[in-house]
Amino acid sequence: MNEMYLERMKDMLKDEYEAYLKALDDPMHKGLRVNTLKWDAESFKNSGLCEYKSTSMSDVIFEIPEDVKLGKTVEHHQGLFYLQEVSACSAVEVLDPQPGDYVLDLCAAPGGKTTQIAMKLANQGLLITNEIDSQRAQILLSNCERCGVSNAIITNASPDVLCPVLEGTMDKVLVDAPCSGEGMIRKHSAAMDEWSVANIKACAARQKRIVDQAVKVLKAGGIMVYSTCTYAMEENEEVIDYILSTYPEMELLDTTDRFGRPGFDYGLCEGSKVRRIFLMDGGEGHFVARLRKKEGLSKELKKLRTGNVHPSVTQFLKEQIDCSLSVMMLKEKAYLAQQFYDLGKVKVLRQGICAGEVIKDRFEPHQHFYSSALLRPSFKKITSCSHDEMIKYMQGEVLMKSCPKGFTGLSYKGHLLGFGKSDGNMIKNKLPKGLRQR
Ligand code: SAM
């Protein structure tokens, strides 16, 4: 391990340095968060999926053994849970989104915290979830779909393009900043290979540019949570000091004492108000701070009016669901949402639920339509499958099963995993190729 890194940790941890070194050899912390948009803690506990330990973070967040692999299970594909290390869940617990809030997740891929925010919003209010990197934004999109997120706008923009458009409109913003990743060195050894003081300083400069933008989007009274998965003071307490000294309208609030330990005093940042999780505290490493914008502009997001809808879409929706969401067509694609918004020139990858696409006057549904947690209670055509059938489906096979002709959702134990098209005796597999298991 890098000598300079260890020197800095020794300076920071003092008497606890030895305990940190010892903890480096302990098994990795691994966590599972039940996705309450689709499932509940009791059902997870009774599922027999794996051993688990409760945590002080939340009653739907569990520690699971390091060697457990759940990524290929039917339940994972159904979006019933998200594999998320326990300390990584801390930022959203502190942000505490409430149903009906307007929340921006500014640095969101791969989507652990976004899907956690979405479950706390419980399909009410709006989540704008953004990722600057276009490839990572696709992973964010796919995780949102799997977890059934239905009330989000997924954007792929730089904060300086997105935030001015959202000025004064958000109740809450999460800045889970790109960082030097000192809390990730056991999971991704590259974090240590890339470690240098110069990189920490470059990360800190970028973090300050990101928070400059994030401050703008908050309404008066709005809450910002700033988090990283690194230990370096330059990227944590020093960034909070920067916010407080640059923006007098921002104040530092208490976080929580449910997990971790206080941070360090640095300039205007009071260590007792922020929270740190070190390896010895039951997590791989995290920093969280909560701030409030005392005053400022408060505005409404610009709403979009929906236009004409292709008749094949109307017909399909009538046959498949009972619901009163608005429908909007963007070129040939149809989307469903309570309300659509105009984000100007910002690159929007998804707004609401993608219902499907009109191809040569016929409607072809999208996976998101069937994975949506919001639509789940309103489906009229669902075919229930056994575990073996679901495994075959996940492998891309057709299902030899009789059911009424046409499109049908496919479920296992009451939870949809995808859809197919039946000719009466056989169900053609419509699971997108990228989601199939080889
Ligand atoms: N919140 C995510 C989650 O819980 O899954 C993890 C986010 S990760 C710590 C930070 C993200 O910030 C990365 O996806 C990275 O691509 C993105 N990023 C990198 N540079 C950025 C910038 N200048 N502005 C905004 N985001 C940036």
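Listing for the model above:
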{"item": "Close pairs (7 angstrom Cβ cut-off, 6 or more residues apart or separate chains): among the β-branched types (Val, Ile, Thr) in region 162-179, within 7 Å of the ligand (Cβ to nearest atom) anywhere", "result": "Val173/Leu106; Val175/Leu106; Val175/Cys107; Val175/Ile210"}
{"item": "Filtered residues of region 173-204 (kept if modelled with pLDDT of 90 or more, within 14 Å of the ligand (Cβ to nearest atom) and not β-branched (Val, Ile, Thr))", "result": "Leu174, Asp176, Ala177, Pro178, Cys179, Ser180, Gly181, Glu182, Asn199, Ala202, Cys203, Ala204"}
{"item": "Close pairs from region 315-337: first in a loop (DSSP other than H, G, I, E, B), partner surrounded by 14 or more Cβ atoms within 10 Å (Cβ to Cβ) and aliphatic (A, V, I, L, M), Cβ under 7 Å, at least 6 apart", "result": "Cys323/Leu375; Leu325/Leu336; Leu325/Ala337; Glu332/Val358"}
{"item": "Flag if Asp160 is acidic (Asp, Glu), part of a helix (DSSP H, G or I), in contact with a Lys or Arg (Cβ under 9 Å, 6 or more places away or on another chain) and on the phi < 0 side of the Ramachandran plot", "result": "yes"}
{"item": "Yes/no for Asp133 being at pLDDT 95 or above, within 9 Å of the ligand (Cβ to nearest atom), open to solvent by 10 Å² or more (accessible area, probe 1.4 Å) and closer than 23 Å to Cys354 by Cα", "result": "yes"}
{"item": "Hits in region 96-117 (condition: in a helix (DSSP H, G or I), touching a residue at least 40 places away in the same chain (Cβ under 8 Å) and closer than 19 Å to Ala157 by Cβ)", "result": "Lys113, Ile117"}
{"item": "Candidate set from region 136-160 (those that are polar (S, T, N, Q), in contact with a strand residue (DSSP E or B) (Cβ under 7 Å, 6 or more places away or on another chain) and open to solvent by 10 Å² or more (accessible area, probe 1.4 Å)); member that is nearest to the ligand (Cβ to nearest atom)", "result": "Asn156"}
{"item": "Scope region 24-38; condition under 20 Å from the mean Cα position of the chain (by Cα) and either of a type in the set (Gly, Ala, Ser) or open to solvent by 30 Å² or more (accessible area, probe 1.4 Å) (or both); matching residues", "result": "His29, Lys30, Gly31, Thr36"}
{"item": "Flag for Ile223 being closer than 19 Å to Asp133 by Cβ, open to solvent by less than 30 Å² (accessible area, probe 1.4 Å) and away from the ligand (no atom under 11 Å from the Cβ)", "result": "no"}
{"item": "Residue, nearest to Arg376 (Cα to Cα), within region 60-69, restricted to residues that are in a loop (DSSP other than H, G, I, E, B) and over 18 Å from the mean Cα position of the chain (by Cα)", "result": "Lys69"}
{"item": "Test set (1) open to solvent by 10 Å² or more (accessible area, probe 1.4 Å); (2) assigned to a helix (DSSP H, G or I); (3) in contact (Cβ under 8 Å) with a residue 60 or more places away in the chain - Val215 fails condition number", "result": "(1)"}
{"item": "Test: residue in region 125-137 that is of a type outside the set (A, V, I, L, M, F, W, C), assigned to a helix (DSSP H, G or I), closer than 30 Å to Met1 by Cα and without any contact (Cβ under 8 Å) to a residue 12 or more places away in the chain", "result": "no"}
{"item": "Total residues in region 230-246, condition open to solvent by 30 Å² or more (accessible area, probe 1.4 Å) and either of a type in the set (Val, Ile, Thr) or touching a residue at least 40 places away in the same chain (Cβ under 8 Å) (or both)", "result": "2"}
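Residues checked against (1) assigned to a strand (DSSP E or B); (2) closer than 14 Å to Ile223 by Cβ; (3) among the small types (Gly, Ala, Ser):
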residue: Pro248; (1), (2), (3): no, no, no
residue: Leu252; (1), (2), (3): yes, yes, no
residue: Thr256; (1), (2), (3): no, yes, no
residue: Gly283; (1), (2), (3): no, no, yes
residue: Ala289; (1), (2), (3): yes, yes, yes
residue: Arg292; (1), (2), (3): yes, yes, no
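The values are calculated or read from the model by the stated rules, or taken from the named source; none is laboratory data. Worth saying up front: this structure is predicted, and the values here are computed from it rather than measured. When we count neighbours, we look across all protein chains shown, and the Cβ atoms used for this are built from the backbone with ideal geometry, even at glycine. Calculation scope for accessible area: heavy atoms of the full protein, side chains included, ligands and nucleic acids excluded. Shrake-Rupley method; radii C 1.70, N 1.55, O 1.52, S 1.80 Å.
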